[in-house]
Amino acid sequence: AFDAICHQKQLREFMVMNIELIHTQDKQYGAHSHKHQLADVWVLPLNSIGTDDQENEIHTRTHLGNIVQCGDYVLGFDVAHAVVNNAVFDKIKPSQLPDIVLVKKIYPEKVKRNKGV
């Protein structure tokens with residue numbers, strides 16, 4: 001069985017500051033998705049934009065390379081600061097865990113609606 005390690009309400013909003021697509025030369029087996037592309041992404045939490053914390057971009061690797069661009073908003077799970085009670089998750093070495101797992105792109109009108117602007 002698969003147990004979720006977070007709920008949608010635990011996701012944080014980030015802004016994409018930089019993105020570099022990763023092009024692999026490896027042979028691919030099975031169905032290939034043209035929607036998803038592996039990429040290195042540097043993000044900044046929305047609550048730190050405009051503060052002195054702005055230099056602390058967070059690096060992560062994501063499957064959303066073809067979907068997100070610099071300046072886009074994304075939802076991500078902050079693994080580095082999360083408290084997760086899951087036996088399988090606890091077996092993973094901390095050095096193998098990313099700081100953030102990006103989940104989905106969100107659009108500016110939704111961000112404004114959620115903020116009450």
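The values are calculated or read from the model by the stated rules, or taken from the named source; none is laboratory data. This one's a predicted model, so the numbers in the text were calculated from it and none came from an experiment. Side chains are part of the model used for accessible areas, which takes the heavy atoms of the whole protein and leaves out ligands, DNA and RNA. Shrake-Rupley method; radii C 1.70, N 1.55, O 1.52, S 1.80 Å.
Under 5 Å from the amide H of residue 103 lie the amide H atoms of 75, 76, 77, each residue being 5 or more positions distant or on a separate chain, with H modelled from the backbone and absent for Pro and chain starts. The order of 24, 62 by accessible area, most exposed first and with a 1.4 Å probe, is 24, 62.
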